[in-house]
Amino acid sequence: MQTKRLLIQTQLSNYTPEGIFLLEADSGSQMMFGRIREILKLVPNIQIDVLIPKRNKLRTQPEQITPELFTTNQVHIIEIDILSNALATRYDFNFEEISRSLNFDHKEYGKYTHVFINDPMLLRNYKALFLLQGKYRPKFICHSHFIDNIESPKFPQEASLWFGQMEAAYKADVNFFQCESAMNIFFESASKWLTQEKLDEIKAKSWPWDDGYSHDEMSSPINFDNIRFDLAKFIEDTQGKTILFVPNRIGGSYKGQYRSSDYTNVGRWLFEIVPELWKCRQDFVVIAGNPNQKFTNDEVAELCPAYYKLVDDAFNRDEYKMIARVAHDISVGLYVDDSFGGTSSRELLDLGSIPLWTNCNEYADIAKNVCWLQELMINPDFSNALDVTNRLIEFVKESIDAGFVERWKDLFSNEVYRRSAYESTTLEACKIMGLI
């Protein structure tokens, strides 16, 4: 049986102000690890190489985050220089360094059969690299983590990713989109730029493959040596209070100084909605993942009176999983422009939380599939954010004895597992990629 050899390029965007990457808190790396975990189960005759930043630029090494992936000799790490700038890195490509790192003439494993590109902006570069340096053409899979379309730009016009994403979709052999909503947005926007013939050509090789999560990893044992907070004290301090966990990055301004884009809407909710709610009720606490630390945790505490600080910086993976298990009354996901709504929104529902979501895109689709109460979802313009947050806390507190919350938790958990867990979706993706 021919050995498959897969190269994975991962788009990373979570790093400290000092330029240190946080793989354990980056959805891109977590999705990559999750996919690899399932591919290894389904494709025993495979070798996988993963491109990551130089090890001295990592807070935590891959072998510490997911040691089970490295128990055999099937997964290998390739270090390259990656800029700690989520926009600049999409335009940065060192032909000579990457060519040397890939070792095209690997005598033991042979040529790459598949290349999985997680950043569409770099697909053209890797195709040219394999043509010029490798002298052969593997199958190229392009994964669009989000769509930077003209109608809903994620970056400044001068650095738009839109045309690069269209080119990548055309040049790839297989296109995966982060969800069906994102795929539909792509084709609706592309229809204004491409002929119907080109659109049909791209559609024929395009599928949604949710930017999901690994159920097994989220349910795996926690290394308590990595927990930096006093769990018993946290449980005691929050006894009788509703816990809201908002895992995504925080943006906005601090004392008039702009820190970063608030595209997650977390800053808006923490610093505008929660303080207003705190004036009328104080029977809840907020846990913030704050993975990018554009605001320090101390600054979050200063601006959000309900915030409960557990650690000084971003959670490591064990801390995140611990909080997901013990603080899952309500999980907060507030994306509007990003159609997927975040990997953590699935992870937390899998473990048994009730969502506080904006009523749009994939959030709305998941909610519709479980017949969730529309009056408990926030309008995309945030016009009812205060009222809905208040009502959802009340709903959770009043419904516990009646068992209603547990029923909803089961419905949400089953739905996200079906559509997003890699344990549920990877077999079909492997068939599409031609790995099996």
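The values are calculated or read from the model by the stated rules, or taken from the named source; none is laboratory data. Just so it is clear, the model here is predicted, and its values are computed rather than measured. Using ideal geometry, Cβ is built from the backbone for each residue, glycine included, and neighbour counts are taken over all protein chains shown. All accessible areas refer to the heavy atoms of the entire protein, side chains included, with ligands and DNA or RNA removed. Shrake-Rupley method; radii C 1.70, N 1.55, O 1.52, S 1.80 Å.
So the values come out like this:
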{"item": "Where Ser29 falls short, out of the listed (1) in a helix (DSSP H, G or I); (2) open to solvent by 20 Å² or more (accessible area, probe 1.4 Å); (3) of a type in the set (S, T, N, Q)", "result": "(2)"}
{"item": "Residue in region 345-353 that is farther than 22 Å from Tyr263 by Cα and not small (Gly, Ala, Ser) present", "result": "yes"}
{"item": "Tally, over region 387-434, of residues that are charged (D, E, K, R), over 22 Å from the mean Cα position of the chain (by Cα) and either buried (at least 17 other Cβ atoms within 10 Å of the Cβ) or in a helix (DSSP H, G or I) (or both)", "result": "9"}
{"item": "Residues being within 15 Å of Gln9 (Cα to Cα) and touching a Phe, Trp or Tyr at 6+ places or on another chain (Cβ under 7 Å) - total across region 85-119", "result": "2"}
{"item": "Qualifying residue in region 7-24 (condition: open to solvent by 50 Å² or more (accessible area, probe 1.4 Å), at pLDDT 95 or above, farther than 19 Å from Ser260 by Cβ and outside any loop (DSSP other than H, G, I, E, B))", "result": "no"}
{"item": "Boolean, Tyr213 is open to solvent by less than 50 Å² (accessible area, probe 1.4 Å), under 22 Å from Gly333 (Cβ atoms) and aromatic (Phe, Trp, Tyr)", "result": "yes"}
{"item": "Complete set of residues in region 211-224 that are part of a loop (DSSP other than H, G, I, E, B) and either out of contact with any His (no Cβ under 9 Å at 6 or more places or on another chain) or among the hydroxyl-bearing types (Ser, Thr, Tyr) (or both)", "result": "Gly212, Ser214, Ser220, Pro221, Ile222, Asn223"}
{"item": "Selection status of Ser152, under 20 Å from the mean Cα position of the chain (by Cα) and under 23 Å from Ser29 (Cα atoms)", "result": "no"}
{"item": "Close pairs (8 angstrom Cβ cut-off, 6 or more residues apart or separate chains): modelled with pLDDT under 90 in region 397-409, outside any helix (DSSP H, G or I) anywhere", "result": "Lys397/Thr242; Lys397/Asp283; Val405/Ile354"}
{"item": "Every pair of residues 6+ apart whose Cβ atoms lie under 8 Å, when the first sits in region 193-220 and is without any contact (Cβ under 8 Å) to a residue 60 or more places away in the chain while the second is assigned to a loop (DSSP other than H, G, I, E, B) and open to solvent by less than 30 Å² (accessible area, probe 1.4 Å)", "result": "Lys205/Ala172; Pro208/Gln178; Pro208/Cys179"}
